[in-house]
Amino acid sequence: MRETEAAFDQYAVAYDEEFTFSSVGKLQRERVWKFISENISSQSHPEVLELNCGTGEDAVWFVKNGFQITATDLSNEMVLVARQKVDSNNAAFLQSGISEIGSKLNTQKFNLIFSDFGGLNCLDSKSLMEMSKVFSGMLKPGGRMIFVVMSRNCKWEQWYFKRKHDMKNAFRRRSPDAVEAVIFDKHFSTWYYSPAEISSFFETHFNTKKHQPIGIALPPSYLDNYFKRHPLLLKMLNVLEKTLSHFSFLSDHADHFIIDFEKQ
């Protein structure tokens, strides 16, 4: 995990510019916030544990919407940026990887555990299955988990790399093994999952309520420069995204999918 931590430490300064505030990144995040607003309330699930909080954009949203949040990230640099964004007694920050979160917060109980934009993809399947019991122990009765995960069969990615005649990268997400990712000069492992796989990892302690695509019509963020030059096209794709998001069978074909669990 040291390689992953070093990569995101280095990425912290550029993350907002390259993803958070990108045209595509903002639209995909809006879809996540809409899902949470429709399925979770600060009255019924006030205390939130956020995994891989990044630079704190979701923490800002949770606080503004009446939640109390404990935001964590493997990268200390990400946590430092996040702290600067949120000035509230309803937000606390902690540097921690997902696998260590249970030991670092073993006395706290939450109503919701949340992870946005691929944090869980930094863990292999065995590690995720081991976290099922940990997460269950950290949640109050009726607690929920909402995760946004990078899918296995992103059609946008397949189309993009096929056009570049790069068949290796077109289907890299289908690999059952770790896929090497690179941020600047740092190399680390990433795993891709389908909704069925993610459900199976947590089925001992959680019931899957629903899942839906995030980024089925909207493109991946690495295509943002193109769509900055074609804002009308991006607007049209966002309208289509709102329609297609209702079809759960498309989840594994999107850039990400959002999946909702309830504690047994």
Query raised in the report: Distance in nm between label sites at R174 and L233, each 7 Å beyond Cα in the beta-carbon direction?
Result: 2.6
Query raised in the report: Accessible area, 1.4 Å probe, largest first: how do K228, K85 sort?
Result: K228, K85
Query raised in the report: Under a 5 Å amide H to amide H cut-off, with H placed in plane at 1.01 Å, what residues pair with I69 once short-range neighbours are removed?
Result: V48, A91, A92
Query - Farthest toward positive dipole pole in segment 1-136 [+1 Lys/Arg, -1 Asp/Glu at C-beta], among G102, V86, S136 - result: S136
Query raised in the report: How many times 2.2 N^0.38 Å is the alpha carbon radius of gyration of segment 123-187?
Result: 1.54
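On average, how much area does the Cα convex hull of segment 1-154 cover when viewed from any direction, in nm²? Before the final figure, lay out the partial values.
Details: hull surface 36.4 nm².
That works out to 9.1 nm².
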Query raised in the report: Counting DSSP beta bridges in the chain, what percent are antiparallel, to the nearest 5?
Result: 55
Query - Evaluated at q = 0.08 Å⁻¹: base-10 log I(q)/I(0), Debye formula over Cα of the chain - result: -0.29
Query raised in the report: Treating the beta-carbon of each Lys and Arg as +1 and of each Asp and Glu as -1, no other charges, what is the dipole magnitude of the chain about its Cα centre, to the nearest 20 debye?
Result: 740
Query raised in the report: Per residue, how many Å² of accessible area does the chain show with a 1.4 Å probe?
Result: 47
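For each pair in K34/K228; K133/K162; K34/K186; K64/K263, compute the distance between the two Cα atoms and list the pairs where it is over 31 Å. Mind showing how you got there, number by number?
Working: K34/K228 23 Å; K133/K162 41 Å; K34/K186 34 Å; K64/K263 26 Å.
As for pairs spanning more than 31 Å Cα to Cα, those are K133/K162; K34/K186.
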Query - Difference of contour (0.36 nm per residue) and Cα-Cα distance, S189 to A92 - result: 32.1 nm
Report summary line: Of every hundred units of 1.4 Å-probe accessible area on segment 1-78, the number belonging to carbon and sulfur atoms, as a percent, is 46
Report summary line: Mean shadow area (nm²) of the C-alpha convex hull around segment 144-264 is 8.7
Report task. List the lysines whose Cα lies under 18 Å from the Cα of K164, skipping any in the same chain that are fewer than 8 positions away. Result -> K155
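Tell me the mean residue ellipticity at 222 nm calculated for the chain from its helices only (DSSP H runs of n ≥ 4, each -39500 (n - 2.57), averaged over every residue, nearest 500).
Details: 11 runs with 107 residues, N = 264.
That comes out to -12000 deg cm²/dmol.
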Query - Neighbour cut-off at most 14 other Cβ (10 Å), DSSP loop, chymotrypsin sites (Phe, Trp or Tyr not before Pro), segment 17-46 - result: F21
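The values are calculated or read from the model by the stated rules, or taken from the named source; none is laboratory data. This one's a predicted model, so the numbers in the text were calculated from it and none came from an experiment. No Cβ is skipped: glycine too gets one built from the backbone with ideal geometry, and neighbour counts run over all protein chains shown. Remember, those area values only see protein heavy atoms, side chains included, never the ligands or the DNA or RNA. Shrake-Rupley method; radii C 1.70, N 1.55, O 1.52, S 1.80 Å.
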